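S.K.: Please see the structure below; I have some questions.
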């Protein structure tokens, strides 16, 4: 047994293949066919999955690129709008600033002119009042002088003197006629007790 030549070995192995074929032949072929079909199906399924994954990857890549492009356009639009609005606001502020500066200058000039006119008017009114007071003072002194001179020439009763002074006061105040009550109230008594 130790010396088996190759031909004998082949014969024996051939016999083993036959025995195995007899014992497991149908089942082995069935299993082999099933495995072959499963391999074909797995290969087909793998190709379908790869194709779908490739399509899905292409679709996602296209959608992502479109979304990026749309976002970039929106960013550019917003940036452009922001720059335009910012420049318009800046120009509007500069216009308002110029208008305000012009209005301030006009108001200052008007105020200065009004202050000058008011100052001139006050000076004129003051001088008119001074001259009016001066004239009234001189008229009053003239009246007093006349009354004093006439007192020296003829004697006037105290009642007449009081009436004349009262009339003078009323003229100074701007009332030409005396009220009836004032006539009775402001008369001086002819004789004071104890004089």
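Just so it is clear, none of the values below were taken in a lab; they were calculated from the coordinates. Owing to the predicted nature of the structure, the values given are computational and were not obtained by experimental measurement. Every residue, glycine among them, receives a Cβ derived from its backbone with ideal geometry; neighbour counts consider all protein chains shown.
S.K.: What per residue convex hull volume, in Å³, comes out for region 36-142 when only alpha-carbon positions are used? Let's see the in-between values first.
M.R.: On the way: hull volume 9.9 nm³, N = 107.
Hull volume over Cα atoms, normalised by residue count, gives 93 Å³.
S.K.: Sticking with this one: Provide the gained length on full extension for the span residue 99 to residue 65, in nm with one decimal, where the gain is 0.36 nm per separating residue minus the Cα-Cα distance. Each step should come with its number before you reach the end.
M.R.: Numbers: separation 34, 0.36 × 34 = 12.24 nm, distance 5.03 nm.
So the extension gain works out to 7.2 nm.
S.K.: Figure the gain on full extension for residue 82 and residue 58 (residue separation times 0.36 nm, minus the Cα-Cα span) and round it to one decimal in nm. Working shown, then result.
M.R.: Numbers: separation 24, 0.36 × 24 = 8.64 nm, distance 3.54 nm.
Computed gain between residue 82 and residue 58 is 5.1 nm.
S.K.: How high is the FRET efficiency from residue 157 to residue 118, r the C-beta distance, R0 45 Å, rounded to 0.05? Don't skip to the answer; put the middle values down first.
M.R.: Values: r = 52 Å, r/R0 = 1.16.
With R0 = 45 Å, the Cβ-Cβ based efficiency is 0.30.
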